[in-house]
Amino acid sequence: MKKPKKPETVTVNRRARFDYTLGDELVCGMSLTGDEVRKIRDHHVQLKGSFVTIRNSELWLNNLTLGAETARNIKLLATKKQISSLEREKVTGSTIVPTKLLAGGRTIKLVIALGKGKKKYDKRETIKKRDLDRGRF
């Protein structure tokens, strides 16, 4: 019996960690065409600037950059229970942010997280802390 491949990180949205204070994460499947799958497996994908919306009790990924063009809106696969909990959190002011794209074996998954937007002084604090950890000052 073969072991399933461990998911490999294809891309990470580093900007999301800087712009948002991230909370709970959720791993979702994606409804993709064959061409989109090939571009993701070849690492021709970028999460920067993409965001998740909820329409008609469904999750949609918008502004995913695949190769040279921006892709269509991609439906994310999650259970109704997960979507309703995300909807409740969104009402309180949280944003749903895509953080990682995973590909392993036959599956391609997207890791999304609930995030609260950081203020400018929070971002400065993050830069300061990062520089101190590196030993620049």
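Taking into account only those residues within region 64-91 that are more than 13 Å from Val27 (Cα to Cα) and polar (S, T, N, Q), which is surrounded by the fewest Cβ atoms within 10 Å (Cβ to Cβ)? Looking at the filtered set, the residue picked out is Asn73.
The residue pairs whose first member lies in region 102-131 and is without any contact (Cβ under 8 Å) to a residue 24 or more places away in the chain, whose second member is outside any helix (DSSP H, G or I) and surrounded by 12 or more Cβ atoms within 10 Å (Cβ to Cβ), and whose beta carbons are closer than 9 Å, counting only pairs six or more residues apart or on different chains, are Glu125/Lys118. The residue pairs whose first member lies in region 63-75 and is under 16 Å from Thr53 (Cα atoms) and at pLDDT 85 or above, whose second member is among the acidic types (Asp, Glu) and assigned to a loop (DSSP other than H, G, I, E, B), and whose beta carbons are closer than 6 Å, counting only pairs six or more residues apart or on different chains, do not exist in this structure.
Gly135 - would you say it is at positive phi and surrounded by 12 or more Cβ atoms within 10 Å (Cβ to Cβ)?
Judged against the criteria, Gly135 is not a match.
Within the set Asp24, Asp42, the sole residue that is free of Cβ contacts under 8 Å to residues at least 12 places away in the same chain, of a type outside the set (A, V, I, L, M) and under 17 Å from Lys109 (Cα atoms) turns out to be Asp42. Of the listed requirements (1) basic (Lys, Arg); (2) in a helix (DSSP H, G or I); (3) under 30 Å from Glu125 (Cβ atoms), Arg38 misses just one: (3).
Once region 97-115 is narrowed to residues that are over 10 Å from the mean Cα position of the chain (by Cα) and either loosely packed, with under 14 Cβ neighbours inside 10 Å or polar (S, T, N, Q) (or both), the residue that is farthest from Leu77 (Cα to Cα) is Gly105.
Considering only region 1-11, state which residues are surrounded by 14 or more Cβ atoms within 10 Å (Cβ to Cβ) and within 13 Å of the chain's Cα centre (by Cα). Walk me through it before giving the result.
In the first step, residues of region 1-11 are kept if they are surrounded by 14 or more Cβ atoms within 10 Å (Cβ to Cβ); the result is 7, 10-11.
Across region 1-11, the qualifying residues are Val10, Thr11.
The condition (being of a type in the set (Gly, Ala, Ser) and within 15 Å of Ile112 (Cβ to Cβ)) is satisfied by just one residue among Ser57, Ser50: Ser50. Among the residues of region 23-47, those identified as surrounded by fewer than 17 Cβ atoms within 10 Å (Cβ to Cβ) and under 28 Å from Lys119 (Cα atoms) are Gly23, Asp24, Glu25, Val27, Gln46.
Checking the condition at pLDDT below 90 and among the hydroxyl-bearing types (Ser, Thr, Tyr), which residue from Thr79, Thr126, Thr99 passes? So that I can check it myself, show each step before the final result.
Details: Thr79 fails: at pLDDT below 90; Thr99 fails: at pLDDT below 90.
Residue meeting the stated conditions: Thr126.
The values are calculated or read from the model by the stated rules, or taken from the named source; none is laboratory data. Note that the structure is a prediction, hence the values are computed from the model and not measured. Backbone-built Cβ (ideal geometry, glycine too); neighbour counts: all protein chains shown.
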